[in-house]
Amino acid sequence: MKGDSMETTIKIEKTTCISCINRIESRLKILGISKFDYNFQNKSATILYDEKDITVGEMVRAIVDLGYEAIVRP
């Protein structure tokens, strides 16, 4: 049984182009997120996910593993 959809915002640093964002989005979708919206002005992504599939900590680790900085916004 699936859990409830959750939303988090993660500030992502060290991105330089749309390819960086696409790379991050692709990795997170493989790991189980359902939606990824990136805002280039404030360098943050709003992410919808099911907490039964992936945790915020796992998202942050995946982003860092790709070579970017990730900060969870309250």
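Measure nothing fancy, just the Cα-based angle from helix 18-31's long axis to the longest principal axis of the chain, in degrees from 0 to 90, nearest 10. Helix 18-31 sits roughly 20 degrees off the main axis of the chain. According to the Cα-based calculation, Rg over Rh for the chain is 0.94, with Rh computed by the Kirkwood formula. Entry note, the chain: the mean residue ellipticity at 222 nm calculated from DSSP H runs of n ≥ 4, each adding -39500 (n - 2.57), is -10000 deg cm²/dmol after division by the residues and rounding to the nearest 500. Please determine, in degrees from 0 to 90 and to the nearest 10, the orientation of helix 56-65 with respect to the longest principal axis defined by the Cα atoms of the chain, where the helix direction is its Cα long axis. Around 30 degrees separate the two axes. The stretch between residue 46 and residue 6 holds 13.4 nm of extra length on full extension. This uses 0.36 nm per residue minus the Cα-Cα distance. Taken over region 5-73, lysine pairs spaced eight or more positions apart, or on distinct chains, with alpha carbons under 17 Å apart number 6.
Short-range pairs are left out: with C-alpha atoms under 8 Å and at least six residues apart, the relative contact order of the chain is 46 percent.
Each reported figure results from applying straightforward, stated rules to the coordinates on display, with no laboratory input. Note that this is a predicted model, so its numbers are computed, not measured.
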